[in-house]
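The values are calculated or read from the model by the stated rules, or taken from the named source; none is laboratory data. Keep in mind the model is a prediction, meaning the values are calculated, not measured. Counting neighbours? That spans all protein chains shown, and the Cβs are built from the backbone with ideal geometry, glycine included.
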Amino acid sequence: EGAAPTELLDLCYHEDSRAEVDLNVVMRGVMRGADAELGLIEVQGTGERDAFSRAQLDRMLDLAESGIRELMRAQEAALKRAEV
């Protein structure tokens, strides 16, 4: 039996071409201090080789949200440094 699935963010071409599932997530939100209120704009997923479970989808969405929050914090910090 194969290894358990591993969820990853921002894959390079080599990783992406070998992925069993491809999921694109777009969210928007407004930062509220260290946190943000986020809403989904787009979710597009494909089981490249087979079906994926609801539990896998939930884990991927949680990971995507975490990554998007990290990007938003980095963007907010960059804007503060630039005094924008």
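Residues in region 33-64 that are modelled with pLDDT under 95 and among the acidic types (Asp, Glu) were compared, and the one that is surrounded by the most Cβ atoms within 10 Å (Cβ to Cβ) is Glu48. Taken over region 8-23, the criterion of being in a strand (DSSP E or B) and either over 15 Å from Ser66 (Cα atoms) or out of contact with any helix residue (DSSP H, G or I) (no Cβ under 9 Å at 6 or more places or on another chain) (or both) is satisfied by Val21, Asp22. Could you list, in sequence order, the residues of region 9-28 that are under 16 Å from Leu63 (Cα atoms) and either basic (Lys, Arg) or in contact (Cβ under 8 Å) with a residue 40 or more places away in the chain (or both)? Within region 9-28, Leu9, Asp10, Leu23, Val25, Met27, Arg28 meet the criteria. Being farther than 20 Å from Glu15 by Cα, among the basic types (Lys, Arg) and either in contact (Cβ under 8 Å) with a residue 24 or more places away in the chain or not in a helix (DSSP H, G or I) (or both), is that true of even one residue in region 51-66? Scanning region 51-66 turns up no residue that is farther than 20 Å from Glu15 by Cα, among the basic types (Lys, Arg) and either in contact (Cβ under 8 Å) with a residue 24 or more places away in the chain or not in a helix (DSSP H, G or I) (or both). Within region 75-84, the residues that satisfy the criterion of being loosely packed, with under 10 Cβ neighbours inside 10 Å and aliphatic (A, V, I, L, M) are Ala82, Val84.
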